[in-house]
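J.: This structure is in structure tokens; I'll ask about it shortly.
Values in this text are rule-based calculations from the coordinates and carry no lab data. This is a predicted model, so every value here is computed, not measured. Backbone-built Cβ (ideal geometry, glycine too); neighbour counts: all protein chains shown.
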Amino acid sequence: MSQVLHTPPPAPARAEGDLAALAARHGLSVSGARPTLTQYVRQLWARRHFITAFATAKLTAQYSQAKLGQVWQVATPLLNAAVYYFIFGVLLGTKHGVADYIPFLVTGVFVWTFTQSSIMAGTRAISGNLGLVRALHFPRAALPISFALQQLQQLLFSMAALVFILFLCGVPIGLSWALTVPTLVLQFVFNAGISMVMARMGAKTPDLAQLMPFILRTWMYVSGVMFSIDKTLKNTTLPHWAQTLLEANPAAVYIDLMRFALIDSFKAHQLPHHVWAYAVGWALLAGVGGFVYFWKAEERYGRG
Amino acid sequence: MAEQSTEKIPTVVADQVDIVYRVHGTGAGRGSATAALNRILRPGRAEKAAGVRRVHAVKKVSFVAYKGEAIGLIGTNGSGKSTLLKAVAGLLPVESGKIYTDGQPSLLGVNAALMNDLTGERNVHLGGLAMGMSREQIRERYQDIVDFSGINEKGDFITLPMRTYSSGMAARLRFSIAAAKDHDVLLIDEALATGDRKFQVRSEERIRELRGQAGTVFLVSHNNNSIRDTCERVLWLERGELRMDGPTEEVLKAYETFTKS
């Protein structure tokens, strides 16, 4: 197939400066440039309804083909808890000297799942939604934040199941339950921040999505989901720095705070030292740091 | 072209634009794992050795689009039309050259934001929000969008999940959502190819309306008739090069002779 150019390109061969000058004269801007940080925050705020609508839509779409529909939102965490009860409570009978072990375990699992699935969803937030990123303009941070929000909504359903389990186990309602709100807010900010970091890295190297489950599983085992860090540290020979590291672990901090808030027999002395300082510090560090880190590559997402 | 005398207002200026795609994982079967490792360890270096292929999709294209124009983009498959549109929208980076735009051109495509498992109604809201419309705007235009799409002409389909729609119905709803927003510069990629004749006529009307609102419309299509009906200027891309730029009839005639040979 020979495609000879019969007609020379008739587009007048203008000097390069000519077109740039024309654009400048009419105040045109270069397409696809990165906004400043304040502009970016403003754009993101303008899209807040999209962020919430997208999160809710994702959540409802999840079970829309199932016959029981949205019942699964609560049924899934309940079944999860039942499996853990069966394995740790009935089969192994492990309590690790923890009072109210089942509420302790289930709270840990649910709170950990929130962080874990936020990070997993964040890793794929850009690389798994390239179609959306390549078709529409919106601040890309809307995606990881929206996925973290979806996981928060998911956790709220799990919390409903958790309250039911707490009743079954005879844990009384207390004033300390109000502490769940600041804990959830802080954990959400932390998760969203880490999601944004992972979203940027995952956008460049999608292979991370294969690697993350292993990293996350390791993280889970050191976060005291199935055991009490407090009890373990009391009779241990771990060097001091390792103990500090275990106590400062953000996942452990949020899990223990939630247990403290919900479970009557989980006392304040079981919490690590400076626990609220850690909780706020981690949230700020991850939230602000993650946001800035994500914004730095804003103009490169979905390209090449 | 007597553009200097009247000084029309430009909305899109493309200045010597080159676009290059890099495709990973095209290395020959042997040693592709090491090639991948190479790529991760030494980004930027030895692209060819690392199994990255460069596809030069658009070559040195320059044009100026003015307010109130509807411009058709034609060319055989793989000639770089869609790529050029995405670059104008700011969704693809240019390798060299510059694209200047007035405001933010938008690609007519909300497909990616819509979810098949949700009802048409919720998708109208979701799609509108994704395009940056406010909740009030969506509420205001909701009825227009539904009426325009004609989804409810054959019963109450808008409250059914989108996965139950026929492909034509889904395409009509998508176009209706996308066209509900007022755009300064609107880029349309083959959107009119779907839907029945009645809907096509309605879409063309809507495009003329958008142009009337002082916008510029770019239309990629393989349907020469729909180009004739909506555009007065046509850019012909072939193998990434701008082969012709001129009045619709003139360019289409040359293109038709070209495709017949």
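J.: Summing -39500 (n - 2.57) over the DSSP H runs of n ≥ 4 in chain A and dividing by its residue number, what mean residue ellipticity at 222 nm do you reach, to the nearest 500 deg cm²/dmol?
T.: That calculation yields -20500 deg cm²/dmol at 222 nm.
J.: Please report the spacing between the Cα centers of the range A:247-304 and the range B:242-258 in Å, no decimals.
T.: Computed from Cα coordinates, the inter-centre distance equals 61 Å.
J.: Now for a separate question. Enumerate the lysines that A:K231 could reach by cross-link, defined here as Cα to Cα under 19 Å, with residues fewer than 8 away along the same chain left out.
T.: Partners within reach: A:K95, A:K267.
J.: What's the local net charge at B:D102, with K and R +1, D and E -1, over the other residues with C-beta under 10 Å away?
T.: Neighbour charge sum, excluding B:D102 itself: 0.
J.: Cβ under 12 Å from A:Q243's Cβ, A:Q243 left aside: what net charge do those residues give with Lys, Arg +1 and Asp, Glu -1?
T.: On the way: positive: A:K234; negative: A:D230, A:E247.
Result for the neighbourhood of A:Q243: -1.
J.: Let me ask you something else. Using +1 at the C-beta of Lys and Arg and -1 at the C-beta of Asp and Glu, which of A:S64, A:V225, A:F86 has the Cα lying farthest in the positive direction of the dipole of the range A:36-300?
T.: A:S64
J.: Treating the angle as unsigned and between 0 and 90°, give the value, to the nearest 10°, between the Cα long axis of helix A:71-84 and the longest Cα principal axis of chain A.
T.: 50 degrees
J.: What is the sum of charges, Lys and Arg at +1 and Asp and Glu at -1, for the other residues whose Cβ falls under 13 Å from the Cβ of B:T119?
T.: On the way: positive: B:R122, B:R163; negative: B:D117, B:E121, B:D156.
Result for the local shell: -1.
J.: How much length would be gained if the chain were fully extended between A:W276 and A:F167, taking 0.36 nm per residue of separation minus their Cα-Cα distance, in nm to one decimal?
T.: Details: separation 109, 0.36 × 109 = 39.24 nm, distance 2.71 nm.
This chain segment gains 36.5 nm when fully extended.
J.: Excluding residues fewer than 8 places away in the same chain, name every one of the aspartates and glutamates whose C-alpha is closer than 12 Å to that of B:K98.
T.: Within the straight-line limit of under 12 Å, B:K98 reaches these aspartates and glutamates: A:E16, B:D15, B:D18.
J.: Moving on. Out of A:F227, A:F291, A:F164, any idea which swings most in a Gaussian network model of chain A, alpha carbons joined below 10 Å?
T.: A:F164
J.: If you don't mind, another one. Please state the shape class of the protein assembly as shown: rounded when a/c is under 1.5, otherwise prolate if a/b exceeds b/c and oblate if not, all from the C-alpha gyration tensor. List each step's numbers first, then the result.
T.: On the way: a/c = 2.55, a/b = 1.92, b/c = 1.33.
Cα axes put the protein assembly as shown in the prolate bin.
J.: So which of A:K296/B:K67; A:K296/B:K81; B:K81/B:K260; B:K60/B:K81; B:K86/B:K154 end up more than 25 Å apart by C-alpha? Walk me through the numbers on the way to the answer.
T.: Values: A:K296/B:K67 33 Å; A:K296/B:K81 30 Å; B:K81/B:K260 20 Å; B:K60/B:K81 13 Å; B:K86/B:K154 35 Å.
Distance filter (> 25 Å) returns A:K296/B:K67; A:K296/B:K81; B:K86/B:K154.
J.: Within the protein assembly as shown, what percent of beta bridges assigned by DSSP are antiparallel, to the nearest 5?
T.: Working: 24 of 40 bridges.
Approximately 60 percent, going by the DSSP bridge assignments.
J.: Looking at chain A from every direction and averaging, what is the projected area of its Cα convex hull in nm²?
T.: On the way: hull surface 98.6 nm².
The directionally averaged projection comes out at 24.7 nm².
J.: Choose one answer from A:S29, A:S146, A:S223: the residue with the largest mean-square fluctuation in a GNM of chain A with alpha-carbon springs under 10 Å.
T.: Maximum fluctuation in the GNM of chain A, among the listed residues, is at A:S29.
J.: Moving on. A:K234: which aspartates and glutamates have alpha carbons under 19 Å from its alpha carbon, excluding same-chain residues fewer than 8 sequence positions away?
T.: Within reach: A:E247, A:D256.
J.: What is the fewest-to-most order of B:R202, B:R22 by other Cβ atoms lying within 10 Å of their Cβ?
T.: Details: B:R202 19, B:R22 13.
Ordered from fewest to most neighbouring Cβ atoms within 10 Å, B:R202, B:R22 come out as B:R22, B:R202.
J.: Picking from A:L168, A:L284, A:L59, which is most flexible by a Gaussian network model of chain A using Cα springs under 10 Å?
T.: A:L168
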